Every structure is written in structure tokens, then in C-alpha cells.
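Each remark here refers to the structure printed beneath this line.
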Amino acid sequence: MSERPDNVLSLFERTAPLYPEHIALLDGDRSFTYSGLRARAWRIASRVQQAGAGPDRTVGLCLERSSALIASVLGILKAGAAYAPIDPAYPADRIALMLEDAQPPVVITDRAHQHLFKGSKAAVLLIEELDPHLPPNPLSPGSSPGQAGEGASGPATPENLCYVLFTSGSTGRPKGVAMHHAPLINLIQWQCRTSVLQEGDRTLQFAPISFDVSFQELFTTFAQGG
């Protein structure tokens, strides 16, 4: 991993072609290979871009912990956008504040939680329509410019936003903390050098997606073929 990645998604995109049939994700009794997870992410990315998201724009992400949540994170990054996690258990006024601050043009949620975004200016994409019922046919890296298939790692640069996480708000109004790709690339590359994780090892994805440690759990694992 000596060559600097273009963006954080590159850490996943470098691994997926090397281990296409290796298990990338376990969700209960379901398993997903690197090639299968990549295909899901690319489909989501295409729809996210069509809805108006791209570099330095956020996508609200309101899903329970699941394989669909992980595929959505990858798809949002593939589109070049930044993900802004919204816990479905948050009160309506907190969600409204987060939407006002992050200004996402797109929100990914499911049918069970779409009511939380009634009246929102964002385009609401339902994961049931984005993901599981579509055929596994990933976009070609040679797709037309500006689409999700443009280059394996997507259009984001090290200077673009990767995610926006909100503070607890215990001392007042919750604040969005914006993180760019460059420092996160440095973090994951350092962790890969110092971690005991090896190809095929398993990581328990423990932290909530709204907590920054979740990012390390995901991308250090993907970067090393775990």
C-alpha cells in the first residue's frame, strides 16, 4: 500500500478484485463476497448520483445496523459524496437540526423510517428499492463520465469530504464534524501497518455508524482482505 490512494474507497476497491470470492461481510446467516458487495455499492452509487449527490455533498444515512448499511456507506463514497449517519432512534427535532446543518440533497432510509423525512427537501431513496431486488450487475469502470462507474475508486479526491458525524449535543446544539479523505487515508494506512489483522480474519463491527471508530473497523478490515 505504498502508493497513496485517491480516496478512502480505494482501500476497498484495491482489495475487491484480488479476493472477489472471499467473504467480505457476514450479516446473521447471510454472507457477501467482495465482488457481491462491490456490485451492491456500485448500484447504490449510481442512484445516489442521479439524485444529485457528489463530491463535498452529504447523503443522509438512516438505517439499522445491517449489510445494507455497509453497502450504502460504500455506495455513497463511490458516488464521491460524504455520508452523514442519522440514527433512526433520534428524536424528530434532532433529525431536523441535522438535516438543516448537513443539507443533504439525498437521504437513504427504509420504508420503516421514511416517515422521519416527511416534508424534507432531500430526495428520499428507499433501500428496498435501491438494493436487494436488483440483479447483481455492477457498472463498468468504463461508464460515461460523471457516473458511478467512472474509475474504480470514484470521483472523490483526498481534499473532499468523506463523512459528517454529529456530536451528542449534550452541551447545546449538535454540531457536525466534517472529515476529509486525506487524514482518514493516513489513519487506515497506519492501522494496516500496525494491526494484527490479516487476510481472511474477522472483525466484529461493534461501534455505531455515527461513531468514528466504526470507520476504522470497516476500512482497516476491507483494506486487508478481512
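The values are calculated or read from the model by the stated rules, or taken from the named source; none is laboratory data. Worth saying up front: this structure is predicted, and the values here are computed from it rather than measured. No Cβ is skipped: glycine too gets one built from the backbone with ideal geometry, and neighbour counts run over all protein chains shown. Accessible surface is based on the protein model in full, side chains and every heavy atom, while ligands, DNA and RNA are left aside. Shrake-Rupley method; radii C 1.70, N 1.55, O 1.52, S 1.80 Å.
A few notes on this one:
- Taking the stretch 81-109 as the range and being under 10 Å from the mean Cα position of the chain (by Cα) and assigned to a loop (DSSP other than H, G, I, E, B) as the test, only A81 passes.
- Taking first residues from the stretch 9-27 that are surrounded by 15 or more Cβ atoms within 10 Å (Cβ to Cβ) and partners that are among the basic types (K, R), the Cβ contacts under 6 Å between residues at least 6 apart in sequence or on separate chains come to L9/K78; A16/R38.
- Condition check for A102: closer than 15 Å to T167 by Cα and either at pLDDT below 95 or of a type outside the set (D, E) (or both): yes
- Here the condition is being closer than 19 Å to D131 by Cα, open to solvent by 30 Å² or more (accessible area, probe 1.4 Å), modelled with pLDDT under 95 and out of contact with any Ser or Thr (no Cβ under 7 Å at 6 or more places or on another chain); of R40, R4, R65, R30, it holds for R65 alone.
- Residue match in the stretch 129-140 (condition: within 14 Å of V73 (Cα to Cα), of a type in the set (S, T, Y) and modelled with pLDDT under 90): no
- For the stretch 75-107, the candidate set comprises residues that are charged (D, E, K, R) and surrounded by fewer than 20 Cβ atoms within 10 Å (Cβ to Cβ); within that set, the residue that is farthest from T58 (Cα to Cα) is D93.
- Residue check for S210: under 19 Å from V59 (Cα atoms), in a loop (DSSP other than H, G, I, E, B) and at pLDDT 90 or above: yes
- Qualifying residue in the stretch 166-183 (condition: crowded, with 20+ Cβ neighbours inside 10 Å, out of contact with any His (no Cβ under 9 Å at 6 or more places or on another chain), closer than 18 Å to L9 by Cα and of a type in the set (A, V, I, L, M, F, W, C)): no
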